[in-house]
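The values are calculated or read from the model by the stated rules, or taken from the named source; none is laboratory data. This structure is a prediction, so every number in the text was calculated from the model and none was measured. Positions of Cβ are backbone-derived with ideal geometry, glycine not excepted, and every protein chain shown enters the neighbour counts.
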Amino acid sequence: MAEDQKKRVLLVEDAGLVRMYYREALQGAGFDVDEALNGIEALEKLLTAPVDLLIVDVNMPQMDGLTFIRTLRRQTPAIASIPVLITSTESSPQDIHAARIAGANFYLTKPVGQEQLVLHARILSGCVA
Amino acid sequence: MPADVPPVTGEEFRVLCEFLYRRTGMVFTEAKRYYVQRRVTERLQATGFTSYAHYFARLRADSGDEIEQLINAFTVNETYFYREEHQLRCLTSDLLRERIRTKPRGRPIRIWSVPCSTGEEPYSIAIWLLENWPEVDAYDIDIVGSDIDTQVLDAARAGVFGKRALMHLPPRLVNQYLEPLDGEQWRIVEDLRQSVSFSTVNLVEMAETRAHGRFDVIFCRNVLIYFDDASRRLAAENLYENLEPGGFICLGHAESMSRISPLFDVCRYADAIVYQRPMEGARG
């Protein structure tokens, strides 16, 4: 990705090792990566700097992923329209359905390989191949 | 040796070794006399005592943190990143695979590095998992480093290392997981520092080991060799209690649990020999 076309991703994930694992893959693929440890921190970051894609974990302290997405979708259009990729260890149809209802665009069940993550991040952020 | 601190007499040496044994389980024989003398001399100089009798009286009174300082002086802290890499390979190729096969959903993977010295081993485990375990995002991973020496634990938390500690870590990983402070030192990046927790533990004190809960894998390398048979067995029994049923313990390459305790099963994998706490009900 050229410097001026770099897509910005906000990684919303409470586990430090997972943030490092995803960040390494995304930065290696040319994304600009910012991070938040929970939904509240993510909302605060979005108010100052909107992004092209949100990658969101479900189980997080203070504000979980689904509550965050529901809150996100009620914000101003510039923020509410940001695509959301969920990454979660939960894999039941009910969990995936609940994420869709909350407003997630896509759902990946962990473990998510680094290549798989980058592929979906590219598609959802509207990267030019 | 400085002139103001006389050499220890036979009786003083015996008292000191007895004290260290009771406190730590470490055994020092006559062959280690110089080693013991050098360290206790340092402590006398640091505290201003010129007689062993007075110094021992202070130890017995347990005033201040001198017992802790003395124990710190006697622990060995030589280690480096990716030491005994074959065990790390075994961790991701066999041990974790085995553990998650029977682990209930939502339960964390817990790994204990004990003694962890200045943190090279627990940070190595974290880096190794990030680089070599594709399921690293699918589990809450709890890496704990523990040591009896409080000074090395402070250093471990700070996460600052020199060239020597990093000599076996490929440069790509040094750049990725550490930030340069100057030409000689690097610091573990914050996310990685936050991903490892550190605590004090004495392996022969059951109350202290129990407080750490149960782990899936324990790395306990090159410490039991400093214990005598009785302390070694006690430490092994404590470590057994710290393992989940089916959990594994990795010792140093020259150590064998079979000589210490019959509680564990020996497991031979392609990269390492490790010891396993049998699953519940597997033994009569």
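Numerical summary
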| read-out | value |
| --- | --- |
| Check on B:Ala126, at pLDDT 95 or above and loosely packed, with under 15 Cβ neighbours inside 10 Å | no |
| Only listed residue being in the same structural domain as B:Ser231 (by TED's automatic domain parsing) and either under 30 Å from B:Asp137 (Cα atoms) or modelled with pLDDT under 90 (or both), chosen from B:Gly25, B:Gly64, B:Gly106, B:Gly48 | B:Gly106 |
| 2 or more residues more than 14 Å from chain A (Cβ to nearest Cβ) and touching a Ser or Thr at 6+ places or on another chain (Cβ under 9 Å): qualifying strands (runs of 3 or more DSSP E) within region B:169-245 | B:196-200, B:215-220 |
| Positions within region A:98-129 being part of a helix (DSSP H, G or I) and under 19 Å from A:Met60 (Cα atoms), in sequence order | A:Ala98, A:Ala99, A:Arg100, A:Ile101, A:Ala102 |
| Residues satisfying the stated conditions in region B:272-284, i.e. crowded, with 18+ Cβ neighbours inside 10 Å and either more than 21 Å from the chain's Cα centre (by Cα) or assigned to a loop (DSSP other than H, G, I, E, B) (or both) | B:Ala272, B:Arg277 |
| Hey, A:Asp57 of a type outside the set (S, T, N, Q), within 14 Å of chain B (Cβ to nearest Cβ) and under 24 Å from B:Ile100 (Cα atoms) or not | yes |
| Every residue from region B:145-197 that is crowded, with 19+ Cβ neighbours inside 10 Å, under 26 Å from A:Ala15 (Cβ atoms) and among the β-branched types (Val, Ile, Thr) | B:Ile188, B:Val196 |
| Given (1) surrounded by fewer than 18 Cβ atoms within 10 Å (Cβ to Cβ); (2) of a type outside the set (A, V, I, L, M, F, W, C); (3) more than 17 Å from A:Ser125 (Cα to Cα), number of the condition A:Asp32 does not satisfy | (3) |
| Listing of helices (runs of 4 or more DSSP H) fully contained in region B:15-128 that carry 2 or more residues being in contact (Cβ under 8 Å) with a residue 12 or more places away in the chain and closer than 21 Å to B:Ala155 by Cβ | B:33-47, B:66-74 |
| Any hit, region A:69-78, residues being without any contact (Cβ under 8 Å) to a residue 40 or more places away in the chain, under 11 Å from A:Gly39 (Cα atoms), more than 12 Å from every other protein chain (Cβ to nearest Cβ) and not aliphatic (A, V, I, L, M) | yes |
| Filtered residue count, region B:223-248, keeping only those that are within 23 Å of B:Phe19 (Cβ to Cβ) and of a type in the set (S, T, N, Q) | 2 |
| Hits in region B:98-116 - residues which are under 24 Å from the mean Cα position of the chain (by Cα) and either within 14 Å of another protein chain (Cβ to nearest Cβ) or polar (S, T, N, Q) (or both) | B:Pro108, B:Ile109, B:Arg110, B:Ile111, B:Ser113 |
| Where B:Lys163 falls short, out of the listed (1) away from every other protein chain (no Cβ under 14 Å); (2) under 28 Å from A:Gly113 (Cα atoms) | (2) |
| A:Ala42 surrounded by fewer than 18 Cβ atoms within 10 Å (Cβ to Cβ), more than 11 Å from chain B (Cβ to nearest Cβ) and within 25 Å of A:Ile123 (Cβ to Cβ) | no |
